There are 4 protein chains.
Amino acid sequence: MKKKLNVGMVGYGFMGRTHSNAFGKAGNFFELPFQPVLKTICARNLERAQAFASNWGYEKVETDWRKLVESPEIDLVDIASPNDTHLEIAVAAARAGKMVMCEKPLGRNAAESEQMVAAVEAAGVANMVWYNYRRVPAVMLAKQLIDEGRLGRIFHYRAKFLQDWTISTDLPQGGEGLWRLDRSVAGSGVTGDLLAHTIDTAMWLNGGIDEVSAMTETFIKSRKHNLTGEVAPVTIDDASLALARFRNGSLATFEATRYARGHKALYTLEINGENASIMWDLHDLHRLEYFDHKDEGLLRGWKSIHITDREHPYMSHWWVPGLQIGYEHTFVHQVADFLTALGEGKSASPNFREAMATDDVTDAVLESAAKKQWVKVRAR
Amino acid sequence: MKKKLNVGMVGYGFMGRTHSNAFGKAGNFFELPFQPVLKTICARNLERAQAFASNWGYEKVETDWRKLVESPEIDLVDIASPNDTHLEIAVAAARAGKMVMCEKPLGRNAAESEQMVAAVEAAGVANMVWYNYRRVPAVMLAKQLIDEGRLGRIFHYRAKFLQDWTISTDLPQGGEGLWRLDRSVAGSGVTGDLLAHTIDTAMWLNGGIDEVSAMTETFIKSRKHNLTGEVAPVTIDDASLALARFRNGSLATFEATRYARGHKALYTLEINGENASIMWDLHDLHRLEYFDHKDEGLLRGWKSIHITDREHPYMSHWWVPGLQIGYEHTFVHQVADFLTALGEGKSASPNFREAMATDDVTDAVLESAAKKQWVKVRAR
Amino acid sequence: MKKKLNVGMVGYGFMGRTHSNAFGKAGNFFELPFQPVLKTICARNLERAQAFASNWGYEKVETDWRKLVESPEIDLVDIASPNDTHLEIAVAAARAGKMVMCEKPLGRNAAESEQMVAAVEAAGVANMVWYNYRRVPAVMLAKQLIDEGRLGRIFHYRAKFLQDWTISTDLPQGGEGLWRLDRSVAGSGVTGDLLAHTIDTAMWLNGGIDEVSAMTETFIKSRKHNLTGEVAPVTIDDASLALARFRNGSLATFEATRYARGHKALYTLEINGENASIMWDLHDLHRLEYFDHKDEGLLRGWKSIHITDREHPYMSHWWVPGLQIGYEHTFVHQVADFLTALGEGKSASPNFREAMATDDVTDAVLESAAKKQWVKVRAR
Amino acid sequence: MKKKLNVGMVGYGFMGRTHSNAFGKAGNFFELPFQPVLKTICARNLERAQAFASNWGYEKVETDWRKLVESPEIDLVDIASPNDTHLEIAVAAARAGKMVMCEKPLGRNAAESEQMVAAVEAAGVANMVWYNYRRVPAVMLAKQLIDEGRLGRIFHYRAKFLQDWTISTDLPQGGEGLWRLDRSVAGSGVTGDLLAHTIDTAMWLNGGIDEVSAMTETFIKSRKHNLTGEVAPVTIDDASLALARFRNGSLATFEATRYARGHKALYTLEINGENASIMWDLHDLHRLEYFDHKDEGLLRGWKSIHITDREHPYMSHWWVPGLQIGYEHTFVHQVADFLTALGEGKSASPNFREAMATDDVTDAVLESAAKKQWVKVRAR
């Protein structure tokens, strides 16, 4: 009989759904040492929390996260609420001895993240941040190929995360469902929301970043705020672009924007090595493009690998070759990896400390853009 | 409080998993009038059935399908066992007054299907066959576009279902996990397994088929059978190709094979109308390719539509634009549609009678190939 | 100093342009034993012939092809005029001892082609038919790979040639620029025009075809004829589809149509072998898609080979890697191959006899469609 | 009778071939006011120059460019020799009253370009620089769409020019056929060679660039030089990346490298506007990808336009829909546009002054990379 692991979830938004689904499904597809139980959902709006609990099978509803954190029946606190709540909840949960999982970005900036890292490390509790794109099977395969040295010396890395959902001037800049557009809540605009994903993957695949030169822009200068009803200056970054130099000497471009008409969530990455290159694209997440210079010259080309075979990462747990999985499965994989690591007494990657390194880079990006100069990334 | 609907599942193989997942997940993402309960799993091997039950949360295990069918606590019998069991179980379940869902193909031939149709219609029970590819959002969108008349007069339909998993001469022709290669169990080879999918979608999108000229082939003439241990002649069709004429006057090619090196499960369809054309491909199931001749001439081209927007079929129930779903979701949609229809006192499409029409075509295909002549599809 | 080779061209239409360009350009890019000279253009309309001569640098103009054929200063007669003129001109040219090149299809049917073959073989003159798509570098590479045995046993061949330019009901069915729609001139509709290309390539790559079952259709039943001004029944085939069995046991589908909305000249071919598969597409003619099952399992996929490297067929004569060539170059290659073969005392492939074999298949296709039964291809 | 225009070509390398082909072919496909005559080829190596003349039909050979420039029978001097010769030849040709065409980049830096601009403007002679990618039909169509205002306000521009041909450490850094790797000859590495193309197109499509922040790298630090035989430090830039801000407020990334394994000549550009977006890719130069937000929501997607219709730029001069042209045609278009403009007493774009603006940007890029700070582009 598997040991049960009681989950207390904070937040019922988009991320609350992906996490709840992941906790519910992981055990059907992976052999795990723990059986997660959706114990308690916590949110300020009682009625909605109850509806959410009913839909996902949470046993209890709580409106005060402090009670959740302190509840003896909770083993793990999962923070899926807006960015401005991460610090306080995570620190309290760690102090209460709970395992903590937190949506990305960890803090609104590295200073917040530092406190969270300190708290979980002082408490010695398992911790993880939901940079879910690492667990796309194609991206995990890229990681394997790089770690095996197949690419050789790395020359170039380029990543973009392009969206277009905020182009309309009629869109408000905050309030219900729109907190990502409110700097006080989110910490930053696309830098923390989208660029952070590209940075997390990049450092995981290609090592630390040494320095950046960045540029940000706010295209629509003022918008109505739904909470105040006032039209006010927009303070988030709509677009964030950076040149970067990795510690291994490779060069990079990073770009995130919500003003790239025609792209919904186009996270693409490419890495060019001496011997081989890799491309991946979130809009076709079940494919990996691979070029191997060691192939016979006559037949060299980019190979489109349909990542649905049993030998591909995670895929032996799903269907049969040719049948693709989707976005939500990355969260299931993250739960599976977390619980597997837990069975071995470890935290799964990225833990809070690793996620803080991403905040160090996004902080440097914002500072570089503000000062219009190259900025060294803090080395810890 | 939703009414519970107790499911008795027969079969724990690949399809047992997809169906169990669908019953479990549908309620999380769709507002449904019934809450399916995974009541009983039935399979001959008790130990495996217990493991399956434990994994998916079935309350009970049964090794004799007759007991399942007759159990008063079962509302719906779902048949996910090999083709040679469909007839007997479905007829018994109908006679016992149960709703019946059945994996495709309905019977091993139209004669079997006729008996099943008669049984469910006599019993007046809700019934459906799992031709799941209709519920790919992109395919459902194709259906909408065609039904709205956007394509105009249809000239051409072409579909293929290409696999390559049986090329090795070492592969046995039957036994554990390989019943699809055993004609006595499966009824036919690729004709009933793969071509049937292409025929079901085709008739749903483009109406009835009038006549066919077909060709089948068995490339590897003898293989070992795992149950007998003997090397024996292979009697299934490895490949099945057909020309066809639809009742609306359009022309078609259909092809199914397990010998198309490089293709895992490449189900593709294309339909060319006077005004517009559509292409779709299971290997990128979240996209629909659309060409509209009414577009401005200078800018005409094939549009790749990423079927992840809220206004796309089924997609408002999942994530946000740009984030794709996968194969398993088609089964979730089928459960959702079945339960929704049930709430309205109807069967969801394709019911047994509709699925029998597909068997009429595959029967004609096999007869045409055997006789080397054009064969009229039975008109009922 | 290279020997000059005087070309007499019959026809100044689309094919007259492609051939003239090819004769003019081949020497700039290939080291050839002969220098073609555009000596005489022959066409019934003197004024247009003169304009064409002036544009392309022909030295003389002739309005009677008999004079061209008999002119002692002509070494090679190139027939780029409508299909109903091929027989008479080719036979006369051969009898006059000229080398003969002829646009495809060779005759309007195999009976005509037989007479042409007899004439060139009796005269012992070099001869070739312009099935230009063999000389697309990607297609030539496919030929090399197949001939090297890389695909192993062949299971499947499928080819389509899809156009959409005759869908409008307003289009006349013959006259100036429209002779391809007039059966008395063209011999047939898409079968001789488009399907013939797919058959020529198929037999070149995969050997002889044994039998076919075909279906043709004329979607628009009557159209105005521009020469008579009368609305009359349409007698050409608008679409032509066939199942076929090759002599090597592989199965095929062939399809040609001018009613596939969205496709301009989409000639695609795919061949599936035991070990590898190949796809090619005229709309991106500079690419070859290749799947090799012998690749490492983890990284198997379809490779898109950009056929622009020096080691690719013909490409060392053009630009540098990455820079593509186009449609017209296939004709340049054909001239280069013809002249090179000539220097060795040979005809380049396909010669008239080889092209007649394609007419044997298209004849069988039309007979099969008319009789609605399988037809054996004439074996010579 | 057309007026003849005598061309004197300097250089017989790769660019000498593309230009010679263009002068030879333009008149076959375009109705032009002048007939170019390949009069004289000038190169230091007499034997090779003679072979080149024989191959392309030049009437004369010259080994001293000064004689060419002063020859009264030459109307137009075309400079296709290495970058370090552009200044001297162009200035002398202009002073001799010749029209001047020059390969890109115009000078090795803007200071050289200034002298060339001054010379042609003082002489009042027609002049043009061969930034040939403007004349890709798809790129020209992009220009039309942008100029018609279809994209609306522009937010983003991104361009890359990726190659991989210098990765091997065995490659020398200069000498025969390798002058692009020698800074003293080329002026810079990829910045002047590849980035310059992306800058020229970008400013033509999207207006002037205000400021840049750039980074360059030399990955292989020393290589043998073929002229000296010595191993010496490499001084060219192997890679060049820049962030930029256009005068219209849009943001850009530019990247050029010869170390992107798997890419031969992958020049890609994308431009995102408020209403529509465009992508183009040199590896499939006959396609334009277009997204129009004004399309019906249900069917929005990226359209792949096969730029082969008569109404597409330049394409009415070539073949029929579906049949693609290639790289060399961009030079033919440039000749056609130059001669057409000449007939109207104008220079075709980009003239020397326009090309100098590109050098202003590449100078700024190199300065920014050297100083590690943002640099304003010189405004003239």
Exercise. Report the residue count in the range A:250-271 for those that are among the small types (G, A, S) and not in a strand (DSSP E or B).
Key: 4
Quiz prompt | B:A80 vs. criteria at negative phi, among the small types (G, A, S) and surrounded by fewer than 23 Cβ atoms within 10 Å (Cβ to Cβ) | solution = no
Self-check item: Per-region count, the range B:338-357, residues part of a helix (DSSP H, G or I) and under 16 Å from B:A118 (Cα atoms)
Solution: 6
Quiz item: Given the residues C:V365, C:V335, which is the only one that is within 21 Å of C:L282 (Cβ to Cβ), more than 14 Å from every other protein chain (Cβ to nearest Cβ), assigned to a helix (DSSP H, G or I) and among the aliphatic types (A, V, I, L, M)?
Solution: C:V335
Quiz item: So which pairs qualify, if the first residue must be in the range B:1-26 and within 20 Å of B:K98 (Cβ to Cβ), the second must be in a helix (DSSP H, G or I) and charged (D, E, K, R), the Cβ gap must be under 8 Å, and the two must be at least 6 apart or on different chains?
Solution: B:Y12/B:R48
Quiz item: In the range B:233-249, how many are small (G, A, S) and either within 14 Å of chain A (Cβ to nearest Cβ) or surrounded by fewer than 24 Cβ atoms within 10 Å (Cβ to Cβ) (or both)?
Solution: 1
Quiz item: Restricted to the range C:135-185, and to residues that are over 22 Å from the mean Cα position of the chain (by Cα) and crowded, with 21+ Cβ neighbours inside 10 Å, which residue is modelled with the lowest pLDDT?
Solution: C:Q173
Practice problem: For A:V190, state whether it is crowded, with 22+ Cβ neighbours inside 10 Å, under 18 Å from A:A355 (Cα atoms) and out of contact with any helix residue (DSSP H, G or I) (no Cβ under 7 Å at 6 or more places or on another chain). | Solution: yes
Quiz prompt | The listed residue being in the same structural domain as B:T40 (by TED's automatic domain parsing), in contact with a Lys or Arg (Cβ under 9 Å, 6 or more places away or on another chain) and not charged (D, E, K, R), out of B:A96, B:A80 | solution = B:A80
Quiz item: Could you say whether any residue in the range A:308-328 is within 12 Å of chain B (Cβ to nearest Cβ) and assigned to a strand (DSSP E or B)?
Solution: no
Exercise. List the number of the failed condition for B:V120; all other conditions in (1) touching a residue at least 60 places away in the same chain (Cβ under 8 Å); (2) surrounded by 24 or more Cβ atoms within 10 Å (Cβ to Cβ); (3) under 18 Å from the mean Cα position of the chain (by Cα); (4) within 22 Å of B:E73 (Cα to Cα) hold.
Key: (3)
Quiz item: Looking at the range C:148-249, what strands (runs of 3 or more DSSP E) fall wholly within it and have at least 1 residues that are touching a Leu at 6+ places or on another chain (Cβ under 9 Å)?
Solution: C:154-162, C:209-217, C:222-224, C:239-246
Practice problem: Return yes when C:H293 is at pLDDT 95 or above and surrounded by fewer than 23 Cβ atoms within 10 Å (Cβ to Cβ) and no when it is not. | Solution: yes
Exercise. Kindly indicate whether B:G207 is closer than 24 Å to B:G152 by Cβ and more than 14 Å from chain C (Cβ to nearest Cβ).
Key: yes
Quiz prompt | Counted residues, the range B:272-307 - those being away from chain C (no Cβ under 12 Å) and assigned to a loop (DSSP other than H, G, I, E, B) | solution = 4
Practice problem: Could you please find all residues in the range A:266-286 being among the charged types (D, E, K, R) and either in contact with a Gly (Cβ under 8 Å, 6 or more places away or on another chain) or on the phi > 0 side of the Ramachandran plot (or both)? | Solution: A:E274
Practice problem: Identify all residues within the range B:184-229 that are more than 25 Å from C:A244 (Cα to Cα) and among the basic types (K, R); write none if there are none. | Solution: B:R223, B:K224
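This table checks each residue for (1) away from chain C (no Cβ under 11 Å); (2) surrounded by 22 or more Cβ atoms within 10 Å (Cβ to Cβ); (3) assigned to a helix (DSSP H, G or I); (4) in contact with a helix residue (DSSP H, G or I) (Cβ under 9 Å, 6 or more places away or on another chain).
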| position | (1), (2), (3), (4) |
| --- | --- |
| D:K4 | yes, no, no, no |
| D:G8 | yes, yes, no, yes |
| D:G27 | no, no, yes, yes |
| D:R48 | yes, no, yes, no |
| D:P72 | yes, no, no, no |
Quiz item: Out of all the residues in the range C:321-380, which are β-branched (V, I, T), under 27 Å from C:S188 (Cβ atoms) and buried (at least 21 other Cβ atoms within 10 Å of the Cβ)?
Solution: C:T330, C:T358, C:V361, C:T362, C:V365, C:V377
Practice problem: Could you please give the count of residues in the range A:181-202 that are of a type outside the set (G, A, S) and touching a Pro at 6+ places or on another chain (Cβ under 6 Å)? | Solution: 1
Self-check item: Residue satisfying condition, being within 14 Å of chain B (Cβ to nearest Cβ) and either in contact with a His (Cβ under 8 Å, 6 or more places away or on another chain) or among the hydroxyl-bearing types (S, T, Y) (or both), within set A:T85, A:T18, A:T40
Solution: A:T18
Quiz item: Scanning for something crowded, with 24+ Cβ neighbours inside 10 Å and either small (G, A, S) or not assigned by TED's automatic domain parsing to the domain that holds A:R180 (or both), does the range A:267-285 turn up at least one residue?
Solution: yes
Quiz item: Which of (1) closer than 18 Å to C:L339 by Cα; (2) assigned to a helix (DSSP H, G or I); (3) charged (D, E, K, R) does C:K143 not meet, given it meets every other one?
Solution: (1)
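The values are calculated or read from the model by the stated rules, or taken from the named source; none is laboratory data. This structure is a prediction, so every number in the text was calculated from the model and none was measured. All Cβ positions, glycine included, derive from the backbone under ideal geometry; neighbour counts span all protein chains shown.
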